[in-house]
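> After the structure tokens below, expect a handful of questions from me.
The values are calculated or read from the model by the stated rules, or taken from the named source; none is laboratory data. Since the structure is predicted, the reported quantities are computational estimates derived from the model, not experimental observations. We place every Cβ from the backbone using ideal geometry, glycine too, and count neighbours over all the protein chains shown.
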Amino acid sequence: MRVLGALLRKELRLELRTLESVPGMALFSVTTFVVFHFGLNRPNIEGDLAAGVFVVTILFAGMLGLNRLYVADQEEGGFDGFLMAPVDRTWLFVAKAIALFTYLVVVEIVAVPAFGLLLLQPSILPVLPSVIVVLLLANLGFAIIAALIGAIAVHTRARDLIGPLICLPLLIPVVIGSARALEPLFTQGGAGTLETKWLLILGLYDLVFGLLSVAVFDPLLED
Amino acid sequence: MTPVIELSGLGRAYGDRAVLRGVTLTVAAGQTLVVFGPNGAGKSTLLRILATLLRPTTGTVRVLGSTLPGEAWKARGRIGLLGHEPLLYRELSARQNLRYHARLHQVDPARIEQLLDAVGLARRADDPVSTYSRGMVQRAAVARAVLHDPELLLLDEPRANLDPAATEHLEPLLRGERGGPPRTRVITSHDPAGGLAEADLALGLKGGRTALFAPAGDVTAAEIGELYR
């Protein structure tokens, strides 16, 4: 926990100092909702369309975070400093995943109200607790995959392309699960109820890829 | 004396390009090995292999009694590296960087203040590293490299970017003075006279091969100069 604390503190300090990820991700989300607001040529959206627009927007906003996740470590030698320390390297993966999860939560604190104001027909307030549960599970899945793939992508020249190219196919279950789970919540009047099976699918995905990532992360960092 | 570094037929290639070939040497505890050679001779690659950051392609490497790369985890934390990169986060202050490394290495926080004083950065310790001059960055990097009092110190042109006053200021740290047994050091240098003066052993690399390896007392600056022709 000492190591995790040190890594997390460093991650959050760097983000607070540079503001390289979260503001860009939030601005991207809100701008995309504005573009959809005018581009769809309809005052409001609901149901599957609303869920799809929201989930995909957050997904692409997350890609901006993924692309920055390991840049400071790579460019400033942080990787080498960490690799020479007598610590379990898996903590780096855990810290990166928690940091990205935190960034996504902060972005969604801005993006969800913006989505409700600009696009969603029914008010989001009655179903907000259910929406939060879905988003937390989806964020966790995204953060796990991004923390794993980011460590591979950052060593490549085309890291801004490689990361999303590998991540997006792996995240399709998260996109489907979260969009299907949100669909009834974004239906007119908020009449639909949250289907437990989609939460289970998201939870299972998080568990499987979390364990898999822990198993393969250390060898990935080897020369 | 116990060998700290034992290399036998060490080779390293990046794809098809061999950077190190057949390097064999032994460095005992407390000795200083100075590595000479022109740019691209393989000096930095050698240091990165000893630091457990690169795997050897051929040959065997034992560092601090551990065979690399299989037992690298045993040696980590006992090695300090001052490379071309300072291994410092530019947007964090020197103190924050040292605290981060101190937590990774389980170092007493009091050592941070002691080192900040020793490298003359106490007054600027809370400023971001990005605001430092190159010499100040190098001083912070020296503090980072010796923070955990490593048994083996790897120094890649450690006096680069340092003015004479700063060099003199950092000499005790660069010489490897420590409370316990003397520190073993591997230093890369382009300064034949200066390098030989602090070396117990001299290694000359040319094109990744060993051009000379001998006790420093048996080597002249002119012989080192030949490596660069």
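> Looking at the stretch B:30-67 only, could you name the residues that are hydrophobic (A, V, I, L, M, F, W, C) and more than 15 Å from the chain's Cα centre (by Cα)?
Matches in the stretch B:30-67: B:A41, B:V61.
> Of A:A99, A:A181, which residue is assigned to a helix (DSSP H, G or I), buried (at least 24 other Cβ atoms within 10 Å of the Cβ) and touching an Asp or Glu at 6+ places or on another chain (Cβ under 7 Å)?
A:A181
> Being over 20 Å from A:L220 (Cβ atoms) and of a type outside the set (S, T, Y) narrows it down to one residue among A:V133, A:V94; which is it?
Checking each option against the conditions leaves just A:V133.
> Let me ask something else about it. Across the stretch A:69-84, what is the total count of residues that are hydrophobic (A, V, I, L, M, F, W, C), facing chain B (nearest Cβ under 8 Å) and assigned to a loop (DSSP other than H, G, I, E, B)?
Of all residues in the stretch A:69-84, those hydrophobic (A, V, I, L, M, F, W, C) come to A:69, A:71-72, A:79, A:82-84.
With the extra rule that they be facing chain B (nearest Cβ under 8 Å), the set shrinks to A:72, A:82-84.
Subset that is assigned to a loop (DSSP other than H, G, I, E, B): A:84.
Total meeting the criteria: 1.
> Further question: Look through the stretch A:12-23, keep the residues that are among the charged types (D, E, K, R) and surrounded by fewer than 21 Cβ atoms within 10 Å (Cβ to Cβ), and return whichever of them is farthest from the other protein chains (Cβ to nearest Cβ).
Among those residues, the one meeting the criterion is A:E20.
> Please verify whether A:G62 is modelled with pLDDT under 90 and buried (at least 22 other Cβ atoms within 10 Å of the Cβ), treating the condition exactly as stated.
So A:G62 fails the test.
> If you go through the stretch B:202-225 one residue at a time, do you hit one that is over 16 Å from the mean Cα position of the chain (by Cα) and polar (S, T, N, Q)?
yes
> OK, next. Within the stretch B:125-158, can you find the residues that are surrounded by 19 or more Cβ atoms within 10 Å (Cβ to Cβ) and of a type in the set (K, R)?
B:R139, B:R144
> Quick check on this structure: which one of B:A145, B:A94, B:A102 is within 12 Å of chain A (Cβ to nearest Cβ) and touching a Lys or Arg at 6+ places or on another chain (Cβ under 8 Å)?
B:A102
> Are any of the residues in the stretch A:27-36 within 14 Å of chain B (Cβ to nearest Cβ), closer than 24 Å to A:G163 by Cβ, without any contact (Cβ under 8 Å) to a residue 40 or more places away in the chain and surrounded by fewer than 20 Cβ atoms within 10 Å (Cβ to Cβ)?
Checked the stretch A:27-36: no residue is within 14 Å of chain B (Cβ to nearest Cβ), closer than 24 Å to A:G163 by Cβ, without any contact (Cβ under 8 Å) to a residue 40 or more places away in the chain and surrounded by fewer than 20 Cβ atoms within 10 Å (Cβ to Cβ).
> Being of a type in the set (G, A, S), within 13 Å of chain A (Cβ to nearest Cβ) and in contact (Cβ under 8 Å) with a residue 24 or more places away in the chain narrows it down to one of B:G70, B:G120, B:G80, B:G59, so name that one.
Details: B:G70 fails: in contact (Cβ under 8 Å) with a residue 24 or more places away in the chain; B:G120 fails: within 13 Å of chain A (Cβ to nearest Cβ); B:G59 fails: within 13 Å of chain A (Cβ to nearest Cβ).
Criteria check complete, one pass: B:G80.
> Kindly indicate whether any position in the stretch A:68-81 is over 30 Å from B:E71 (Cα atoms) and within 22 Å of the chain's Cα centre (by Cα). Show your work before the answer.
Within the stretch A:68-81, the subset over 30 Å from B:E71 (Cα atoms) is A:68.
Checking the rest, the ones that are also within 22 Å of the chain's Cα centre (by Cα) come to A:68.
Looking through the stretch A:68-81, at least one residue is over 30 Å from B:E71 (Cα atoms) and within 22 Å of the chain's Cα centre (by Cα).
> Looking only at residues in the stretch B:180-229 that are without any contact (Cβ under 8 Å) to a residue 60 or more places away in the chain and in a strand (DSSP E or B), which one is farthest from B:A18 (Cα to Cα)?
Among residues in the stretch B:180-229 that are without any contact (Cβ under 8 Å) to a residue 60 or more places away in the chain and in a strand (DSSP E or B), the one farthest from B:A18 (Cα to Cα) is B:P215.
> Something else: Of (1) touching a Leu at 6+ places or on another chain (Cβ under 7 Å); (2) modelled with pLDDT under 90, B:G59 satisfies all except one. Which?
Condition not satisfied by B:G59: (2).
> B:L87 passes all but one of (1) touching a residue at least 24 places away in the same chain (Cβ under 8 Å); (2) over 23 Å from B:R175 (Cα atoms); (3) within 14 Å of chain A (Cβ to nearest Cβ); which number fails?
Answer for B:L87: the failing condition is (2).
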